[in-house]
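Peer 1: One structure is given below, represented as structure tokens, and several questions about it will come after.
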Amino acid sequence: MKISLSIGMCLLLILPSLMAQQRLQGKVMAFKGFGLKGVEVKAKRSGQTALTDSLGNFELTVKKSDLLKVKAKGFKPMQQKYHGHGDVAFNLIYMDNTWAYDQVVSNGYMSKDDLDYCIEHLLTENNNFDRMADIFQVIQSVYPQAKVAELRGQQRIFLNSRGAQSIIADADALVVVDGVVTQNFAGIQPSKVADVKVLLGNEASFYGTRGGNGVIEITLKQD
């Protein structure tokens, strides 16, 4: 009798917690349609973690109003609150630089052929800059290590940690907008940006010594 009572009490304690949880199905994509394989999806409240399959699909146990976090090297991290109904889908933003390319391929998120195709044909469609506050936030979404600091009364971008503290020489990145070198880029509206590329080291050698601190190439949408 005592054993039955104990089991009953345990069930009463556990049942509300079980009822508050539910099984969620979702998908992680990039370039608005390509499923990503092996991406980690984590539910903060339930503490559960899942990996996407070869098509980008996943299943996960979540709690009410859980916060879902998705992280994959080479893509911008994303999080989304789950409101308790329906499936969820994440479209990750590719960072578009050499490091990101190597990470996506080496981690098996996409095949090299698929990634090459997406970069050539779908990169502009994948960019989601409209919600960002300014051009500096756009650049940092592509290259998170970028720092913003004031230099001679203007906001500039620095691509290395020591650059922003340098007072001996200009250490800010070279900014090129639609093929034209400029320092007047702060007013560019994120909604007008089609693509941003960050070039470092040998990739920036095309610009000679001017590219020594890195180059940021900004391509604007054509009306």
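Peer 1: Filter the trypsin sites (Lys or Arg not before Pro) in segment 23-109 down to the DSSP loop ones having no more than 13 other Cβ atoms within 10 Å, then list what survives. Spell out each step's value before the answer.
Peer 2: Numbers: sites: Arg23, Lys27, Lys32, Lys37, Lys42, Lys44, Arg45, Lys63, Lys64, Lys69, Lys71, Lys73, Lys81; in loops: Lys32, Lys37, Lys44, Arg45, Lys64, Lys73.
Here the sparse-neighbourhood loop sites are Lys32, Lys64.
Peer 1: Hey, another quick one. What dipole magnitude, in Debye to the nearest 20, does segment 22-113 give about its Cα centre under +1 on Lys/Arg Cβ and -1 on Asp/Glu Cβ?
Peer 2: Values: 15 positive and 8 negative charges, 92 e Å.
Dipole magnitude for segment 22-113 comes out near 440 debye.
Peer 1: Answer rounded, prolate or oblate for segment 132-220, using the Cα gyration tensor with square roots of eigenvalues a ≥ b ≥ c: rounded when a/c is under 1.5, else prolate when a/b is larger than b/c, else oblate. Could you put the intermediate results ahead of the total?
Peer 2: On the way: a/c = 1.58, a/b = 1.20, b/c = 1.31.
Cα axes put segment 132-220 in the oblate bin.
Peer 1: Kirkwood hydrodynamic radius, computed over distinct alpha-carbon pairs, for segment 22-113: how many Å, to one decimal? Intermediate results must be reported in sequence, preceding the final value.
Peer 2: Numbers: mean 1/r = 0.0760 Å⁻¹.
With all distinct Cα pairs of segment 22-113 included, I get 13.2 Å.
Peer 1: Another question, then. Which of Lys44/Lys71; Lys32/Lys76; Lys76/Lys147; Lys81/Lys147 have a Cα-Cα distance over 19 Å? Show your work: numbers first, answer last.
Peer 2: Values: Lys44/Lys71 13 Å; Lys32/Lys76 14 Å; Lys76/Lys147 17 Å; Lys81/Lys147 29 Å.
Long pairs (Cα-Cα over 19 Å): Lys81/Lys147.
All of the numbers you see were taken from the coordinates with simple rules; none came from a lab. Owing to the predicted nature of the structure, the values given are computational and were not obtained by experimental measurement. Virtual Cβ from ideal backbone geometry, glycine too; neighbours counted across all protein chains shown.
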